[in-house]
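One structure, as structure tokens, below. Some questions next.
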Amino acid sequence: MKASGLVLAAALAVSVASLAVERSSVPEKYTWNQQDLYATKAAWEADRDAVAKRIPEIAAFKDHLGDSAQGLLKALETSDAIEKQLSRVYLYASMSADVNTKDAEAQAMRQSVEKTANDYSTAASYFEPEILAIDPVKLDSFLASEPGLKPYKPVLDNIVRMRAHTLSPAEEKVAARMSAMAGAPSSIYSIFTNADLPYAKDVKLPSGEVIPLLDAAAYAKYRALPNREDRDFVFKTFWTTYGAYKRTLGTSLYSVVKNHMAFKDVNKYDSCLAMALDGNNVPVAVYHQLVSDVHTNLPTLHRYLKLRQRMMGVDQLRYEDLYAPIIKQVEMNYTPEQAMETTLKAVAPLGPNYTAALKKGFESRWIDWMPTTGKRSGAYSTGSAYDVHPYQLLNFNGKYDDVSTLAHESGHSMHSYLSNTNQPYATAHYSIFVAEVASTLNENLLFHEVLDQQKDDSARLYLLGERLDGFRQTLFRQTLFAEFEMKIHEMAEAGQPLTGDSLTKLYLDLVKTYYGDAAGVCKVNDLYGTEWSYIPHFYRNFYVYQYATSMVASSSLAERIRLEAAQKPAGGKKPVTTARDAYLKMLSGGSSKYPIDLLKDAGVDMTTSAPFNAAIAEMNAIMDQMEAILNKGGKPRA
Ligand SMILES: [Zn+2]
């Protein structure tokens, strides 16, 4: 069994791709080779039926896990074998469903496996409590006497680690019922903001354009309008709409926090934050470190804001100006072949083995490239077919962003490839905390490769500007969210009630601090204090901080790897590859160690400021380059 149990691909926010062509018109080389999983649908069906028949095997070990080392090993191996087979069966079905969301047959295939997966989870639910019931001394002697159990040590350690927070069977029953109810605020929030919230209709902009409905998706698009009066109007209208419901939305968010507090007490944690981070064994100090590093480095954010003000040519930067374009978008177009070539060149600092494996993946159809009719939107990589190979779903439109997505997903694919080939099944699965390091590191390498090749100042300015805003949005904005999330839990834990007004005050104070309102760096209208009510991630229990930590870790690693790769050793000496090798070891490590330790071994200690400082140094280097171009007189085309 995997450290985190059976993972089925998340079917979050599935919507259909735009700019689609018919699937039948796409050349085979741009489609993924599903036959590597099963040659035919009949073969898939046979395997699905076979794995469903194996589930009763699990029941045979019930009440016997503590009997002997050999018995425990047999039970773990059996559950792994079933999970592995089930994952492959599920993947085939979900890939079929994803390339055509309107294909009822494919949807039914997926549903049939979901049912089998549920049956398996129920049948195997006794594993953790029974393992916990084994006397620790006895469990140690099992591990010492049966070498076959060695690969399972991290999994067993992780279960035992949670002993102090594990409930009695009777409490467990009550907690399971509580969990079923705990999702209510999130469901209500989602229905309310997506279906019922009366968004402004037929909004006429000062410039004359009419927006039929100013909902969240329209806001995300129109807040970036180049005309300042227009976007001011969009901001004011949208936040007035949300502001009218801050009491309801505040009550909803308070309910989530109260849920967390109830579970914290039941599971005997000191704080909601400690409970949330304990799943991946991430120390609370990492979270505090991130928040404190961001505050120390607010002057770097302010430097960016002043640069933005200069480039936009405005007297006073305002919060409404943050999404407006500062540089005219430069058209860069890529074919899939050019995208692959650029990505392979970009990841060259990761060494010949990494590059060769990825090239082979590109050539052997790991990827489904094109947006086709009915295909789900977005992109993902999956490594859940342990002994086959990773797969990627893309919706490639030939822009720089699409190449960046390819590099990102290829980071995940190679992480899966390396963990799956180097780890036993039990520890092959990696956690989110390290996953986004692998993907954002490749984005980082791609950015530097494309920038280095680009000689045109306007194009360079565009690339630098986009990257810089990526830092603002990921490092600063996500950490602001993380700090808000931490503070609302602290307030509730201290007995202070959360209301629409108190949440708005807290949020506004944070935004004003981050964006330097008092010093006049960027003025924030009080009306926008209700922005918290539009962020769905606050319903995901301390999730967003990982966006920031991943970017911090990958900036720090990428910098060292790039510097090393740039060195030309004299006189036939072997090049130094210490940073690269340590990083590849992390990618090969799956969940054989806790994520924070995997990163530490790779040279990134997330409990210190060093990695954050590397990211800030990169941000400042980007601004140095932008200012040098601007000072040349190369006036940006706004
Ligand atoms: Zn990702």
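How much net charge surrounds Glu130 when only the other residues with a Cβ under 15 Å from the Cβ of Glu130 are counted, with Lys and Arg +1 and Asp and Glu -1? Mind dumping the intermediate values first?
Numbers: positive: Lys62, Lys74, Lys138, Arg163; negative: Asp63, Asp67, Glu128, Asp135, Glu172.
Within the 15 Å Cβ shell, the charges total -1.
Could you tell me how far the Cα centroid of region 428-444 sits from the Cα centroid of region 225-248, in Å?
About 35 Å separates the Cα centre of region 225-248 from the one of region 428-444.
Kyte-Doolittle mean at least 0.0 and Cα extent at least 27 Å along the axis: which DSSP H helices of the chain qualify?
Answer set is 69-99, 432-453, 545-566, 610-631.
For the chain, what proportion of DSSP beta bridges, expressed in % and rounded to the nearest 5, is antiparallel?
Counting only bridges with both partners in the chain, antiparallel ones make up about 65 percent.
Sort region 199-330 into rounded, prolate or oblate with this rule: let a ≥ b ≥ c be the square roots of the eigenvalues of the Cα gyration tensor; rounded if a/c is under 1.5, and if a/c is not under 1.5, prolate when a/b is larger than b/c, oblate otherwise.
Because a/c hits 1.5 or more and a/b fails to exceed b/c, region 199-330 counts as oblate.
Among the trypsin sites (Lys or Arg not before Pro) in region 365-441, which ones are in a DSSP loop with at most 16 other Cβ atoms within 10 Å of the Cβ? Mind listing them?
Those satisfying the criteria are Lys399.
Would you tally the net charge around Gly374, using a Cβ to Cβ cut-off of less than 14 Å, leaving Gly374 out, and scoring K and R as +1, D and E as -1?
On the way: positive: Arg23, Lys102, Lys375, Arg376; negative: Glu22, Asp98, Asp103, Glu105, Asp368.
In short, -1.
When a/c is below 1.5 the answer is rounded, else prolate if a/b is larger than b/c, else oblate, so apply that to region 233-288 with a ≥ b ≥ c taken from the square roots of the Cα gyration tensor eigenvalues.
Because a/c hits 1.5 or more and a/b fails to exceed b/c, region 233-288 counts as oblate.
Could you order Thr237, Thr166 by accessible surface area, starting with the largest, using a probe radius of 1.4 Å?
Ranked from most to least accessible, the order is Thr166, Thr237.
I've got another one for you. Mean residue ellipticity at 222 nm from the helices of the chain, using -39,500 (n - 2.57) per DSSP H segment of n ≥ 4 over the full residue count, to the nearest 500 deg cm²/dmol?
Theoretical 222 nm ellipticity from helices: -19000 deg cm²/dmol.
Provide the net charge surrounding Asn613, with neighbours chosen by a C-beta distance below 14 Å and charges set as Lys +1, Arg +1, Asp -1, Glu -1.
Value of the local net charge: -3.
Below 8 Å, C-alpha to C-alpha, sequence gap of six or more: please give me the relative contact order for the chain in percent.
That works out to 19 percent.
Let me ask you something else. In the full protein assembly as shown, how much of Asp509 is accessible to a 1.4 Å probe, in Å² to the nearest 10?
It works out to around 70 Å².
Over region 423-541, what percent of the accessible surface lies on carbon and sulfur atoms, probe 1.4 Å?
About 50 percent, which is the carbon plus sulfur part of the accessible surface.
On average, how much accessible surface per residue is there in the chain, in Å², for a 1.4 Å probe, leaving out ligands, DNA and RNA?
Solvent-accessible surface per residue comes out at 43 Å².
Would you mind finding the longest exposed-site-free stretch of the chain, with exposed GluC sites (Glu not before Pro) meaning DSSP loop and at most 13 other Cβ atoms within 10 Å? Intermediate results must be reported in sequence, preceding the final value.
Details: sites that count: Glu22, Glu209, Glu331.
Between the exposed loop sites, the longest stretch runs 332-638.
For region 555-638, what does the alpha-carbon gyration tensor say about shape, rounded, prolate or oblate, given a ≥ b ≥ c as the root eigenvalues, a/c under 1.5 as rounded, and a/b over b/c as prolate?
Cα axes put region 555-638 in the oblate bin.
How about region 191-288: which trypsin sites (Lys or Arg not before Pro) there are in a DSSP loop, with at most 15 other Cβ atoms within 10 Å of their Cβ?
Those that pass, being in a loop and sparsely packed, are Lys268.
A further question on this structure: At a 1.4 Å probe radius, carbon and sulfur cover how many percent of the accessible area of region 284-397?
Values: 2270 of 4300 Å².
Its accessible area is 53 percent carbon and sulfur atoms.
The values are calculated or read from the model by the stated rules, or taken from the named source; none is laboratory data. Nothing here was measured: the structure is a model prediction, and the numbers come from that model. FYI the Cβ positions are ideal-geometry reconstructions off the backbone, even for glycines, and counts take in every protein chain you see. Just the protein is used for accessible areas: all its heavy atoms, side chains included, with ligands, DNA and RNA removed. Shrake-Rupley method; radii C 1.70, N 1.55, O 1.52, S 1.80 Å.
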